1. Being in contact (Cβ under 8 Å) with a residue 24 or more places away in the chain and either surrounded by 11 or more Cβ atoms within 10 Å (Cβ to Cβ) or on the phi < 0 side of the Ramachandran plot (or both) narrows it down to one of 112, 29, 56, 35, so name that one.
2. For residue 89, work out the one condition from (1) part of a helix (DSSP H, G or I); (2) surrounded by 15 or more Cβ atoms within 10 Å (Cβ to Cβ); (3) touching a helix residue (DSSP H, G or I) at 6+ places or on another chain (Cβ under 8 Å) it doesn't fulfil.
3. How about region 65-74: which of its residues are at pLDDT 90 or above, in contact with a helix residue (DSSP H, G or I) (Cβ under 8 Å, 6 or more places away or on another chain) and outside any strand (DSSP E or B)?
4. Of everything in region 2-32 that's assigned to a loop (DSSP other than H, G, I, E, B) and in contact with a strand residue (DSSP E or B) (Cβ under 6 Å, 6 or more places away or on another chain), which residue is nearest to residue 68 (Cα to Cα)?
5. If you scan region 106-141, which residues turn out to be farther than 27 Å from residue 49 by Cβ and in a loop (DSSP other than H, G, I, E, B)?
6. Of the residues that sit in region 96-105 and are in contact with a strand residue (DSSP E or B) (Cβ under 8 Å, 6 or more places away or on another chain) and either without any contact (Cβ under 8 Å) to a residue 40 or more places away in the chain or assigned to a helix (DSSP H, G or I) (or both), which one is nearest to residue 62 (Cα to Cα)?
7. Restricting to region 14-42, name every residue that is under 14 Å from residue 74 (Cα atoms) and more than 17 Å from the chain's Cα centre (by Cα).
């Protein structure tokens, strides 16, 4: 299995590393240290926390086209389908970068809510930017 490693240095953020896995199964194996058993905590848009069986979560991630996680507040591990809509990859990255950003919350629910905010802002910025670039708006003088 070949994992791509990308070292990220950005002036406004502490350095971190991105591990890109070739399959969704391989990124889940990294998350679970090889054993694809049990359940994974995930969140919904309404910030409700649910526990999903691993096999079902993998199926959902595959449908979504990408999945990732943060390890030790210094690395992002992810898989993405190369036919993914670019916006979906950007929102995944913003969500995971949020987990690398202070303040860190001990509460899983609060930490996920913070990351979801980053993701929501990214989605809005992309949507608004696309409208502006396509001049898909009413000009007023």
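The values are calculated or read from the model by the stated rules, or taken from the named source; none is laboratory data. Just so it is clear, the model here is predicted, and its values are computed rather than measured. Every residue, glycine as well, gets a Cβ built from its backbone with ideal geometry; the counts of neighbours run over all protein chains shown.
1. Every option except 112 fails the conditions.
2. (3)
3. Within region 65-74, 65 is the sole residue that qualifies.
4. Once the filter is applied, the top-ranked residue is 21.
5. Of everything in region 106-141, those that are farther than 27 Å from residue 49 by Cβ and in a loop (DSSP other than H, G, I, E, B) turn out to be 134, 135, 136, 137, 138, 139, 140, 141.
6. Ranking the candidates gives 96 first.
7. Passing the criteria: 14, 15.
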